[in-house]
Amino acid sequence: MSEQRTSIHGQWTNRTVFILAATGSAVGLGNIWKFPYITGENGGGTFVIVYLLCIALIGLPIMMAEIMLGRRGKQSPINTMIALAKDENRNPHWMWLGWMGVVAGFLILSYYSVIAGWAMSYVFRTGGGMFIGVTADGANRIFTDLVSDPERLLAWHSIFMVMTMIVVARGVKNGLEKAVTLLMPLLFGLLLLIVIYSMTTGYFMDGVRFLFTPGSIDGKGILIAMGHAFFTLSLGMGAIMVYGSYLSEDHSIVQASILIALADTVVALLAGLAIFPIVFANGLEPGAGPGLIFQTLPIAFGHMEGGTLLGVLFFTLLMFAAWTSAISLIEPAVAYLVENKGFNRIYASVWIGGLTWFVGLGTVFSFNIWADKTLSIPFLFEDLTFFDTLDYLTANIMLPLGGLFIAIFAAWVMSERSAKEELATYPKVYSVWRFLVRYITPVAVIVVFLKAVGAI
Ligand code: PFF
């Protein structure tokens, strides 16, 4: 039973630290880099509404389920699933759910690190005054110069991977906790400042309209919005599960989940409100793709009072936000190697980090020498680069699939008594959670999958 289990990896000092760490995992490039560009690519308003619905009806219930499973299992997602299946006298093959998460995390980090490298290089570009008085064309050229140079991307990718390995190697208490405590509130404050700048561009309402006026969306857009709800909340791959395994019994999962999801959503919306007014004020394309924030924010920094300092701060904090997410992406794999192979944390981090770095080379090249090498998968996508393919398969397929099975396990496989022990501190919320995770969440994920492949 879970009462007797303790995590061999340690425990969060207190509830606030858990919330900060989980928020650190959730808030990252997904909110500030990815949310604006996929919103731009998918036409704005309706996409945002579908995304918000997915956060509330799918993401939040799954987050509660994932933390609950982690806290009962107290191990890496693979061993947690084995242990919980055994507790409930169910098939040990549930461990494959843990494995899929480990693989997804590793694949996501391989490209996440390359993009985090962009953010780091922008700290220096902004600090060196490159953007002072810059035009939209100029900002575009600076971005293109960066991504077309594989050596530079490789150098930044390597630095970021080493930084990630160092924190993960230091472990839960010494590494993860310290890295998150101060940075999240700072990032929040800075984003607010940029939103205030955006209000002065004269195009603020255009940004608001773009973000919130309903338009049209197709099945693929809905899948991307749902996939992003998983990605941005770090769900479906065991990251939040493994963080939950370091959480002690006396903390409320419900409260923590609501706080984390709320903070994550507010940061994404602030990023949208910061970026789109600048996009419209400068006649830029909302659908410009992965370079969107790197082509827009420097224009703001280049034209505002104290912009160089703010820009340096912003990209530094973006890098930190990426860092606190990156560590959660490989924590499940590292915890597994420590538990099953007897590795110490340092050795495990170096192994996983090294492999991730290697796969990341594909993403480095997909912005330059492999830019014209594309892949198509019938019914799913056409002509995507290596980077786009990884992103699509992980965020839009693997995470929702992982989430679907987590929901099924928590609501149908695990006994109601076990779930109640973990979540019933708020009986009303518990009933809503149970209804959502039993019926709404699984059906919604399946319907979105079917709609995306054109089956309905
Ligand atoms: N939630 C992170 C972000 O929005 O940037 C990315 C992420 C971290 C996804 C951890 C999945 C994960 F397990």
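The values are calculated or read from the model by the stated rules, or taken from the named source; none is laboratory data. Since we're looking at a predicted model, the values are computed, not measured. Using ideal geometry, Cβ is built from the backbone for each residue, glycine included, and neighbour counts are taken over all protein chains shown.
Does Leu146 fit the bill of being within 29 Å of Leu390 (Cα to Cα), modelled with pLDDT of 95 or more and in a helix (DSSP H, G or I)?
Values: within 29 Å of Leu390 (Cα to Cα): yes; modelled with pLDDT of 95 or more: yes; in a helix (DSSP H, G or I): yes.
Yes: the conditions hold for Leu146.
If Ser252 satisfies every condition in (1) polar (S, T, N, Q); (2) surrounded by fewer than 24 Cβ atoms within 10 Å (Cβ to Cβ); (3) within 16 Å of the ligand (Cβ to nearest atom) but one, which is the exception?
(3)
List every residue pair whose Cβ atoms sit under 8 Å apart, with the two residues 6 or more apart in sequence or on different chains, where the first one lies in region 185-201 and is crowded, with 18+ Cβ neighbours inside 10 Å and the second, anywhere, is outside any helix (DSSP H, G or I) and hydrophobic (A, V, I, L, M, F, W, C).
Every condition considered, the pairs that remain are Leu187/Val27; Tyr197/Met304.
So is Ala104 of a type in the set (A, V, I, L, M) and closer than 16 Å to Leu297 by Cα or not?
Working: of a type in the set (A, V, I, L, M): yes; closer than 16 Å to Leu297 by Cα: no.
Against the criterion (of a type in the set (A, V, I, L, M) and closer than 16 Å to Leu297 by Cα), Ala104 does not qualify.
Within region 424-456, can you find the residues that are surrounded by fewer than 13 Cβ atoms within 10 Å (Cβ to Cβ) and not in a helix (DSSP H, G or I)?
Gly454, Ala455, Ile456
Would you mind finding the one in Gly236, Gly189, Gly202 that is on the phi > 0 side of the Ramachandran plot, at pLDDT below 95 and either out of contact with any Pro (no Cβ under 9 Å at 6 or more places or on another chain) or not basic (Lys, Arg) (or both)? Before the answer, list the steps.
Values: Gly236 fails: at pLDDT below 95; Gly189 fails: on the phi > 0 side of the Ramachandran plot.
Criteria check complete, one pass: Gly202.
Here's the yes/no breakdown for (1) more than 13 Å from the ligand (Cβ to nearest atom); (2) buried (at least 21 other Cβ atoms within 10 Å of the Cβ):
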{"site": "Gly238", "(1), (2)": "no, yes"}
{"site": "Ser248", "(1), (2)": "yes, no"}
{"site": "Ile278", "(1), (2)": "yes, yes"}
{"site": "Pro298", "(1), (2)": "yes, yes"}
{"site": "Leu313", "(1), (2)": "yes, no"}
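Take region 41-53 and flag every residue that is buried (at least 24 other Cβ atoms within 10 Å of the Cβ) and touching a Gly at 6+ places or on another chain (Cβ under 9 Å).
Going residue by residue through region 41-53, those that are buried (at least 24 other Cβ atoms within 10 Å of the Cβ) are 42, 47, 51.
Listed by number, the residues that qualify are Asn42, Phe47.
Quick one: how many residues across region 315-331 are out of contact with any Phe, Trp or Tyr (no Cβ under 9 Å at 6 or more places or on another chain), within 15 Å of the ligand (Cβ to nearest atom) and not aliphatic (A, V, I, L, M)?
Selection size over region 315-331: 2.
Spot the failing condition for Thr232; the list is (1) within 14 Å of the ligand (Cβ to nearest atom); (2) in contact with a Lys or Arg (Cβ under 7 Å, 6 or more places away or on another chain); (3) not basic (Lys, Arg), and only one is missed.
(2)
Consider region 72-89. How many of its residues are within 14 Å of Ile406 (Cα to Cα) and not β-branched (Val, Ile, Thr)? Steps first, please.
Taking region 72-89 first, the residues within 14 Å of Ile406 (Cα to Cα) are 72-73, 77-78, 80-82, 84-85.
From what's left, not β-branched (Val, Ile, Thr): 72-73, 77, 81, 84-85.
Residues flagged as within 14 Å of Ile406 (Cα to Cα) and not β-branched (Val, Ile, Thr) within region 72-89 amount to 6.
Looking at region 116-130, which of the residues that are buried (at least 24 other Cβ atoms within 10 Å of the Cβ) and among the aliphatic types (A, V, I, L, M) is farthest from Gly360 (Cα to Cα)? Full working, then the answer.
Taking region 116-130 as the starting set, the residues that turn out to be buried (at least 24 other Cβ atoms within 10 Å of the Cβ) are 116-119, 122, 126.
With among the aliphatic types (A, V, I, L, M) added as a condition, the list becomes 116, 119.
On the way: Ala116: 12, Ala119: 16 Å.
Going through the qualifying residues, I end up with Ala119.
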